[in-house]
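Here's the structure we're looking at; comments come further down.
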Amino acid sequence: MMKKTIIKITLVKVLLLLTFLSSIFNASADVDGVRVWQSPTHTRLVFDLSKPHQHKIFTLANPYRLVIDLGGNAKFKPNVDKVELASTLVTGLRTGRQKNKDLRLVFQLRDDINPKSSIFAPNKIYPHHRLVVDLIEKNVRSLRPVKTVKTVADHVAHNKRDIIVAIDAGHGGEDPGAIGYRRTKEKKVVLKIAKELARLLKAEPGYKPYLTRTGDYYVPLRDRTRKAREANADLFISIHADAFKNSKAHGSSVFVLSERGASSEESRYLAEKENEADLVGGVSLDDKDDHVAMTLLDLSMTATRGSSLAAGKSILGRMGKISRLHKKRVEEAAFMVLKAPDIPALLIETGFISNPGEAKKLATSSYQKKMAREIFKGLTQYFYKEAPEGSYIAWKKNGGKTTIAAAKKATRYTIRRGDTLSHIAQRYKVSVGDIRRLNGIKNNSIQVGQSIKLPAS
Ligand SMILES: [Zn+2]
């Protein structure tokens, strides 16, 4: 009798152990959450998975559909009717089970797309494995390149071109940025400040703002500077409101790119966190730029450093009027988003969202407007001092007369070995943007022996 009981208990234990083990090995790979982000060029679907698993993706036509099959007996846990699809490419979502027990998700689409997917490991913001599927619209209309702001003739012939400021609201979409006091999200705060700054610049004669993102979607770090370059920006400003491990940290700061290292422990910490944004935002790293090309571009960046520092100083001075400054001088760190060759680039921390007092202020529209206004003032003061040749501001500064240099006919220059656009620009005291505009050069590729026009010497 005794013996039997012991055997029974052991059996039960073994059975329990087996159930436990099988639950580990066969735990269904569930979809715990789903998010849909719409950008002007693509739609991003994000699935939170309880564990990484096999998936199959394909498209169907008439009507356009995207089908995702998930193996491992996956269950779809979110409420299908509550998935936020308004103003996205997706018009409907159905779930079903295949004969082989695969979970099938069918997304009904407005247009034809090419899907691209990747799996992301958990991180501090997202504890789940994530399956990210980008739906790239095949329709050319939505893939149009960044609008070039004015024609070459407008810029050069009139010598009164607008100064173009690329405003980059950090993070967005799947990447919330820092989450602060009372769940204040950095991505929301910085977009509001960016839009207000754009509004002020638009109203100011001689300026043209260009926003790298206009809504709640993620833009990869490299794309932000690429967009700025395509818009022929004279300056690139990335706006942030980050968190620091110490909630007492407060005050605003301005950063320029440093290749050698960060100027303080905080700046190193912030740059490390910022550079992870592509992982949080869901951008596959196999899209990384060619290393050789990047090294070449990095070499030419030193030329814009002086302008970055001067613009940064001017803005920092203005921001100091409404908030305590975290550091009294422009700081340096290796922010990837600042690697904008040939364009002076700044990263502005409007405050620490991890600081309760500062988060409260940053969340109010009045403070966001005040912050935008001071950045605007610092910016316009800098550009008045350093008015780019041929700009409306330079013309105005000269009492409404075209400067002698700008009036001179364009001269020609033949590219020699070792030349970069920024070195030529520096040597002839013209802006790289003007050289590009005048010659219709879209990137930085120039060839030995190539003859280019120079705006003025
Ligand atoms: Zn940030």
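The values are calculated or read from the model by the stated rules, or taken from the named source; none is laboratory data. Quick caveat, the model's predicted, so the values are computed rather than measured. Note that each Cβ is placed from the backbone with ideal geometry, even for glycine, and that neighbours are counted across all protein chains shown. Note: accessible area is taken over every heavy atom of the protein model, side chains too, but ligands, DNA and RNA are not part of it. Shrake-Rupley method; radii C 1.70, N 1.55, O 1.52, S 1.80 Å.
For the stretch 161-168, what does the Karplus curve 6.51 cos²θ - 1.76 cosθ + 1.60, with θ = phi - 60°, yield as ³J(HN,Hα) per residue in whole Hz, taken in order and with x for Gly and Pro?
Once rounded to whole Hz, the list reads 6, 7, 7, 9, 10, 7, 10, 10.
Distance from the Cα centre of the stretch 30-64 to that of the stretch 71-86, in angstrom?
The two parts, judged by their Cα centres, are 10 Å apart.
Determine, from the Cβ-Cβ distance of SER117 and SER445 and an R0 of 30 Å, the FRET efficiency 1/(1 + (r/R0)^6), rounded to the nearest 0.05. Please list the in-between numbers first.
Numbers: r = 32 Å, r/R0 = 1.06.
Calculated value: 0.40.
Can you tell me the accessible area per residue over the stretch 35-130, all protein chains present, probe 1.4 angstrom, in square angstrom? Mind dumping the intermediate values first?
Working: 5220 Å² over 96 residues.
With all protein chains present, the stretch 35-130 gives 54 Å² per residue.
For the stretch 377-390, in order, what is each residue's ³J(HN,Hα) by Karplus, 6.51 cos²θ - 1.76 cosθ + 1.60 with θ = phi - 60°, in whole Hz (x at glycine and Pro)?
Computed from phi, the couplings for the stretch 377-390 are 5, x, 5, 6, 5, 4, 6, 6, 5, 10, 4, x, 3, x Hz.
Per 5 Å bin, what percent of the C-alpha pairs of the stretch 206-250 does each bin hold, from zero upward?
The percentages, shortest bin first, are 5, 16, 24, 20, 11, 13, 8, 4, 0.
May I ask you to derive the FRET efficiency for SER264 and THR214 from their Cβ-Cβ distance with R0 = 25 Å, giving the value to the nearest 0.05?
The computed FRET efficiency comes out at 0.15.
Mind listing P(r) for the stretch 27-148? All alpha-carbon pairs, 5 Å bins, whole percents.
Over the stretch 27-148, the share of Cα pairs per 5 Å bin runs 2, 11, 21, 24, 20, 12, 6, 3, 1, 0, 0 percent.
Computing the accessible area with a 1.4 Å probe over protein heavy atoms, can you report the carbon and sulfur percentage for the stretch 55-127?
Working: 2120 of 4380 Å².
Exposed carbon and sulfur together represent 48 percent of the surface.
What are the residues whose amide H is under 5 Å from the amide H of GLY33, where those residues sit 5 or more places off or on another chain and H is modelled from the backbone?
ASP48
Report the trypsin sites (Lys or Arg not before Pro) located in the stretch 159-258 that are in a DSSP loop and have at most 13 other Cβ atoms inside 10 Å of their Cβ, or state none.
Details: sites: LYS160, ARG161, ARG182, ARG183, LYS185, LYS187, LYS188, LYS192, LYS195, ARG199, LYS202, ARG213, ARG222, ARG224, ARG226, LYS227, ARG229, LYS245, LYS248; in loops: LYS160, ARG213, LYS245, LYS248.
Loop-located and lightly packed - LYS245, LYS248.
Cross-link candidates for LYS396: which aspartates and glutamates have Cα within less than 20 Å, leaving aside residues fewer than 8 places away along the same chain?
Leaving aside aspartates and glutamates fewer than 8 places away in the same chain, those within reach of LYS396 are ASP154, ASP162, GLU204, ASP234, GLU386, ASP434.
Roll a 1.4 Å probe over the protein chains and send me the accessible area per residue for the stretch 194-287 in Å². Intermediate values should be presented prior to the final figure.
Numbers: 3660 Å² over 94 residues.
Roughly 39 Å² per residue, with all protein chains present.
Restricting to lysine pairs 8 or more places apart or on different chains, what number in the stretch 55-108 have Cα atoms under 18 Å apart? Walk me through the numbers on the way to the answer.
On the way: LYS56/LYS75; LYS56/LYS99; LYS56/LYS101; LYS75/LYS99; LYS75/LYS101; LYS77/LYS101.
Summing the qualifying lysine pairs gives 6.
Of the accessible area of the stretch 161-295, with the probe set at 1.4 angstrom, what percent is carbon plus sulfur?
Numbers: 2600 of 5300 Å².
Reported share for carbon and sulfur atoms: 49 percent.
Under a 5 Å amide H to amide H cut-off, with H placed in plane at 1.01 Å, what residues pair with GLY92 once short-range neighbours are removed?
HN-HN under 5 Å from GLY92: GLN108.
Determine the gain in length on full extension of the stretch LYS321-ILE125; use 0.36 nm per residue of separation and subtract their C-alpha separation, reporting nm with one decimal. Walk me through the numbers on the way to the answer.
Values: separation 196, 0.36 × 196 = 70.56 nm, distance 3.38 nm.
That works out to 67.2 nm of additional length.
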